[in-house]
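Take a look at the structure set out below.
Please treat every number below as a calculation from the coordinates, not as lab data. Computed from a predicted model, the values in this text were never measured in an experiment. Heads up, the Cβs are rebuilt from the backbone with ideal geometry, glycines too, and the neighbour counts pull from every protein chain shown.
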Amino acid sequence: MKTRYGYAGIHGFDRQTGLNILLDEVHVDPSQWSLAPRYMSFALTNACELACPYCYASKIPARQRFEDILRWAKDLDAAGCFGVGFGGGEPMLYPRFAELCRDVALETNLAVTMTTHGHRFSDELSDKLSGHVNFIRLSMDGVGETYERLRGRSFPSFLEKLALVRSTARFGVNFVVNDETIEDLPEAAALVFGEGAKEFLLLPQTGTDGKLAMAPETLQRLKNWVSDNYERCRLATSAHGGAEIDAPMLMNSKPEYQTYDFMHVDAMGTLKISAFAGEGISLTGGTSIVAAIQETRSKQSQMEEYA
Ligand code: SF4
């Protein structure tokens, strides 16, 4: 079990089982807090063959260098990070993707997770990823016709891929909630937990500016559904979604501690406080990722002082 120290106490995590143990009665002095965020997401590439209408991923062609990611992963591991999440675009379009997951899994103690639309899964890729990916986040916005309209792919074929995902690693489902998918929420939840998902991640739709993009009635329906169901099944949301839904969900993060919980490196190699942030610190000139994390925090606290 790996341990990190932070604002919440002493936190232990087992990447194989996903078990978390938090000793929150222990006060840890800020000088002792682990420098890396608990989790770092990487947009490996901006490429994706789907064209979801609400996609906020950058369309500028870009992808990260294999050697950079491996080096950053090792630095993050040494600085107390628990896991890296590979996304995009579509991470399975990244050349040597399976090799990257294997190397990070074997050369660090980080949990390797990925977010994918799932349609590139095959028996061969599943074999290569098994044992090297700890958790897969599969995107499924709506079921049946809603899914097919929004994602432009057959829903039965998605379900076949879901079976492959399930045989590869523990998995959860990401669900973008918007005016079109809200109707499908109960059926989708029943389906994903019936298929063995460990988590259902609700992502209220936002625009490229990070602002909520749904009718007020849709948000109210979402809040009602969450409030009726969060005690029955493992729901989660993004930090942004948590603020909007205003319900006791997993993965919520207090804004002042957000950079200790999550940060993001985009496909151009820029470290940002989140995937929505416009600016960040470029890591491509050989800047240490841990130094860039500290610089980001220092800039943020200066901005808060002046606000
Ligand atoms: S699958 Fe993901 S990255 Fe690709 S278009 Fe859809 S939302 Fe964007």
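Determine the alpha carbon to alpha carbon distance for each of Lys59/Lys128; Lys59/Lys198; Lys272/Lys299; Lys59/Lys223 and list only those over 20 Å. Can you show the working numbers first?
Values: Lys59/Lys128 28 Å; Lys59/Lys198 31 Å; Lys272/Lys299 12 Å; Lys59/Lys223 32 Å.
Violating the 20 Å Cα-Cα cut-off are Lys59/Lys128; Lys59/Lys198; Lys59/Lys223.
Can you list residues whose amide H is under 5 Å from Ser274's amide H, if they're 5+ apart or on another chain and H is modeled 1.01 Å from N?
His264
What's the ranking of 231-238, 60-67, 256-263 by average number of surrounding C-beta atoms within 10 Å, highest first? Each step should come with its number before you reach the end.
Details: 231-238: 16.6, 60-67: 13.8, 256-263: 18.4.
Put in order of decreasing packing, that is 256-263, 231-238, 60-67.
What is the distance in Å between the Cα centres of region 1-44 and region 91-162?
26
Counting pairs of alpha carbon atoms under 8 Å apart in space and at least six apart in sequence, what relative contact order in percent does the chain give? Each step should come with its number before you reach the end.
Details: 559 pairs, mean separation 49.3, N = 307.
That works out to 16 percent.
Let me know the shape class of the chain, please: from the alpha-carbon gyration tensor, a ≥ b ≥ c as square roots of the eigenvalues, rounded when a/c is under 1.5, otherwise prolate if a/b is greater than b/c, or oblate. Walk me through the numbers on the way to the answer.
Numbers: a/c = 1.42, a/b = 1.22, b/c = 1.17.
Note, shape of the chain comes out rounded.
So which aspartates and glutamates can Lys74 reach, going by Cα to Cα under 14 Å and dropping same-chain residues fewer than 8 places off?
Output for Lys74: Asp103, Glu107.
For the chain, what is the calculated [θ] at 222 nm in deg cm²/dmol (nearest 500), taking -39500 (n - 2.57) for each run of four or more DSSP H residues and dividing by its residue count? Please list the in-between numbers first.
Details: 10 runs with 106 residues, N = 307.
Result for the chain: -10500 deg cm²/dmol, rounded to the nearest 500.
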